[in-house]
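Worksheet for the structure shown next.
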Amino acid sequence: MRFALLRHDAAIAGALARQVAERWRDLLTLLVALPILALFARVWLAQLVVDRREIIVGVAGFVIAATLAKAVAERLDYHRTEGALAHHAQRSSVLLSFVLPLLAGGLAILLAGMASIAGLPSISLAGWIAAGTALGLLLAVAANFVPRFMAGPMPTPPRMLGHRREMGLVAVFSAAVGLACALLPSQNHLDGLVAGGYALAVVVLAGQVDATAVRYMAMVGHSAATMLRKSLTIQLALLVPFAAVLALAQDWMAASVAAIAAIGLPCITALRILAYRAFGRILADWLVSIFIAIAAYLTLTLPPLGVLAILAAMVWFARKGTGTRWLIA
């Protein structure tokens with residue numbers, strides 16, 4: 001029973017794969033859209049100069065590796081607290097029998113896939129992926145520790161962050177981080193890296209959307225505007241003052257990174273919320289990914305079209321989800 005957790009999750013993945021195969025829309029999306037997106041990414045990256053290509057691919061690998069590492073850590077935490085095999089998850093050997101194989105396999109697939117799409121040596125991506133993995137594990141620990149640290153006499157984080165006064169404190173904190181980032185030396189793009197790290201931390205910690213919660217809120221009558229207001233307020237408070245201070249300080253590289261996060265994260269969150277109201281989780285995730293890829297391409301070629309694509313996707317998702325009522329499965 002040493003690999004019980006791994007076999008358990010493998011069985012879940014197999015059942016999910018069979019479920020996708022039985023739905024022709026999901027299967028068609030997987031077999032057609034994914035190769036087309038990979039081919040498009042490869043063609044687009046081949047047109048860039050090598051230095052810019054390395055930065056773009058490195059940052060993408062960094063973000064994906066951080067997300068993967070955080071997901072594996074969260075999965076282990078789930079097994080230890082709510083899983084059916086909690087007894088096995090408490091063993092010290094779980095790091096070698098569950099975390100290490102799952103993380104190593106995912107990172108190997110990520111490294112091979114990114115290297116084949118970008119046409120770059122794998123060694124040039126290893127450092128970015130290793131750094132992203134370390135950050136993802138650190139964020140998972142922080143996400144698990146901070147709520148426990150704040151528990152007790154203090155209000156719970158969702159309630160605390162819901163008040164205007166606390167939102168103001170969050171905005172002040174965001175501006176203070178922006179000021180500290182603006183004071184960093186711009187040599188070797190240290191300010192941009194710190195701004196990217198802060199933006200990534202906000203994305204990981206405040207950018208989660210629970211499809212089950214969205215469907216339940218839709219079922220009991222909550223409007224899309226209510227869901228968007230609850231999810232986007234904290235994101236805007238953490239990112240907009242940060243980007244504004246960097247822009248006022250004329251630190252344009254760091255300000256650009258912060259502005260991209262301040263615009264992109266709320267848009268993606270809004271798309272996911274609206275999509276979860278209209279479709280099932282798997283299909284919604286694929287549709288959002290396709291729309292984001294289309295909008296990114298249009299933004300690079302003709303920026304106004306990218307904005308229109310995002311707005312059109314939001315309107316379409318909102319119309320599909322209007323009046324939707326869900327049944328508890």
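The values are calculated or read from the model by the stated rules, or taken from the named source; none is laboratory data. Since this is a predicted model, take the numbers as computed values, not measurements. Here Cβ is always computed from backbone atoms with ideal geometry, including for glycine, and neighbour counts include all displayed protein chains. Protein only, heavy atoms only, side chains kept; ligands, DNA and RNA dropped before computing areas. Shrake-Rupley method; radii C 1.70, N 1.55, O 1.52, S 1.80 Å.
For the stretch 35-135, the helices (runs of 4 or more DSSP H) that sit wholly inside it and include 1 or more residues that are under 25 Å from Tyr198 (Cα atoms), out of contact with any His (no Cβ under 6 Å at 6 or more places or on another chain) and at pLDDT below 75 are 50-81.
Only one of the listed residues (Arg2, Arg18) is under 30 Å from Ala84 (Cα atoms) and modelled with pLDDT of 75 or more. That residue is Arg18. Scanning the stretch 201-225 for residues that are more than 15 Å from Val177 (Cβ to Cβ) and open to solvent by less than 30 Å² (accessible area, probe 1.4 Å) turns up Val204, Gly207, Val209, Ala211, Val214, Ala218, Ala224.
Conditions tested, residue by residue: (1) open to solvent by less than 50 Å² (accessible area, probe 1.4 Å); (2) part of a helix (DSSP H, G or I); (3) modelled with pLDDT of 65 or more.
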{"position": "Ala143", "(1), (2), (3)": "yes, yes, no"}
{"position": "Pro147", "(1), (2), (3)": "no, yes, no"}
{"position": "Met167", "(1), (2), (3)": "yes, yes, yes"}
{"position": "Val172", "(1), (2), (3)": "no, yes, yes"}
{"position": "Asn188", "(1), (2), (3)": "no, yes, no"}
{"position": "Ala199", "(1), (2), (3)": "yes, yes, yes"}
{"position": "Lys230", "(1), (2), (3)": "no, yes, yes"}
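Taken as a whole, the stretch 255-275 holds no residue that is open to solvent by 30 Å² or more (accessible area, probe 1.4 Å) and modelled with pLDDT under 80. Selection of the stretch 201-213 for residues being under 29 Å from Gly61 (Cα atoms), assigned to a helix (DSSP H, G or I) and at pLDDT 75 or above yields Ala201, Val202, Val203, Ala206, Ala211, Thr212.
The condition (being under 30 Å from Ala21 (Cα atoms), in a helix (DSSP H, G or I) and touching a residue at least 60 places away in the same chain (Cβ under 8 Å)) is satisfied by just one residue among Leu271, Leu238, Leu246, Leu283: Leu283. Among the criteria (1) at pLDDT 75 or above; (2) surrounded by fewer than 16 Cβ atoms within 10 Å (Cβ to Cβ), the one Arg23 does not fulfil is (1).
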